[in-house]
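Everything on this sheet refers to the single structure shown next.
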Amino acid sequence: QIKGVVEMDYTNNSTDTLTEMYFHYWTNAYKDNSSAFAQESKLSADNCFIFANENERGGYKKVAIFQGVDSLKTKAYKGNPDIIYVKLARPIFPGTTSHFTLPITELIPKTFSRIGRSMNGYQMTQWYPKPAVYDSEGWHPMPYLDKGEFYSEFGNYKVSITLPENYLVAATGQLEDPAEQQFIANQLNSSKSLVAASSKEVPIPSSDKVKTIHFTANNVHDFAWFADKGFL
């Protein structure tokens, strides 16, 4: 699982006053067979997810959204477990910004689609709560689907990731830590042993020590990261 906190400054760039919002909790698509993703899997006769064991599934343990200090009442939108509707505690006027806090404890599923876990690594995509897009046609809440892409907001990201120190991370944006850049260079120098381990899918023990690494990315559509103990 992954635990963390999303601190988000949301700017209303429209000419309308916003009194409600929709958030995408897309990992909830892997909770059970009620999601649009599960229905898509049935239609495509892809039974890997439909008949998955409980410990292979994923999703958020709970959903909590704060606007400033105010806790917002959350509910699933039209029965979609991966779309959350909230009534705002305070309206967001055109051109103004509101601060949201979204604590997350998230179970990472086996790799069925974009996000997932393998023997030595994790593929973290569509992994954090995101606001739906509001444009001239209104809100665009979208369930997670395997086929196709997503209509999402652009934003500026500062991301801190804490994990066992022998993981190598590939992520959106700029790696800010010189020590981690040196770790990557050292991994390249010992690539022969890593190739052998990766090609045989041999379990690599996680280090007892942890590290925290930092990434920044400006004006991008998304933030994704892959972490693996067998990466080159």
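Hey, does segment 102-114 have a residue that's acidic (Asp, Glu) and surrounded by 19 or more Cβ atoms within 10 Å (Cβ to Cβ)? Scanning segment 102-114 turns up at least one residue that is acidic (Asp, Glu) and surrounded by 19 or more Cβ atoms within 10 Å (Cβ to Cβ). Residue-level check: of (1) under 20 Å from the mean Cα position of the chain (by Cα); (2) open to solvent by 50 Å² or more (accessible area, probe 1.4 Å); (3) of a type outside the set (Ser, Thr, Tyr); (4) closer than 19 Å to Asp16 by Cα, Ala89 misses just (1).
The C-beta contact set for segment 117-145 (first residue more than 19 Å from Tyr85 (Cα to Cα) and of a type in the set (Val, Ile, Thr), second residue assigned to a loop (DSSP other than H, G, I, E, B) and open to solvent by 40 Å² or more (accessible area, probe 1.4 Å), distance under 8 angstrom, 6+ apart or interchain) comprises Thr125/Arg114. Contact map, segment 164-181: residues that are without any contact (Cβ under 8 Å) to a residue 12 or more places away in the chain paired with residues that are aliphatic (A, V, I, L, M), Cβ distance under 8 Å, separation 6+ or inter-chain. Pairs shown: Gln181/Leu175.
Please verify whether Thr125 is among the hydroxyl-bearing types (Ser, Thr, Tyr) and either open to solvent by 40 Å² or more (accessible area, probe 1.4 Å) or more than 30 Å from Leu188 (Cβ to Cβ) (or both), treating the condition exactly as stated. Please lay out each step first, then the result.
Numbers: among the hydroxyl-bearing types (Ser, Thr, Tyr): yes; either open to solvent by 40 Å² or more (accessible area, probe 1.4 Å) or more than 30 Å from Leu188 (Cβ to Cβ) (or both): no.
Against the criterion (among the hydroxyl-bearing types (Ser, Thr, Tyr) and either open to solvent by 40 Å² or more (accessible area, probe 1.4 Å) or more than 30 Å from Leu188 (Cβ to Cβ) (or both)), Thr125 does not qualify.
Selection over segment 30-61 of residues that are more than 21 Å from Ser118 (Cα to Cα), of a type in the set (A, V, I, L, M, F, W, C) and modelled with pLDDT under 90 gives a count of 2.
Going through segment 9-54 one residue at a time, which ones are part of a loop (DSSP other than H, G, I, E, B) and either farther than 22 Å from Lys87 by Cα or under 17 Å from the mean Cα position of the chain (by Cα) (or both)?
Tyr25, Lys31, Asp32, Asn33, Ser34, Ser35, Ser44, Ala45, Asp46, Phe51, Ala52, Asn53
Determine if segment 33-49 includes at least one residue that is out of contact with any Cys (no Cβ under 8 Å at 6 or more places or on another chain), within 21 Å of Ile161 (Cβ to Cβ) and surrounded by 14 or more Cβ atoms within 10 Å (Cβ to Cβ). Within segment 33-49, none of the residues are out of contact with any Cys (no Cβ under 8 Å at 6 or more places or on another chain), within 21 Å of Ile161 (Cβ to Cβ) and surrounded by 14 or more Cβ atoms within 10 Å (Cβ to Cβ).
The values are calculated or read from the model by the stated rules, or taken from the named source; none is laboratory data. Nothing here was measured: the structure is a model prediction, and the numbers come from that model. Neighbour counts run over all protein chains shown; Cβ positions are idealised from the backbone, glycine included. Surface areas here come from the heavy atoms of the whole protein model, side chains and all, with no ligands, DNA or RNA. Shrake-Rupley method; radii C 1.70, N 1.55, O 1.52, S 1.80 Å.
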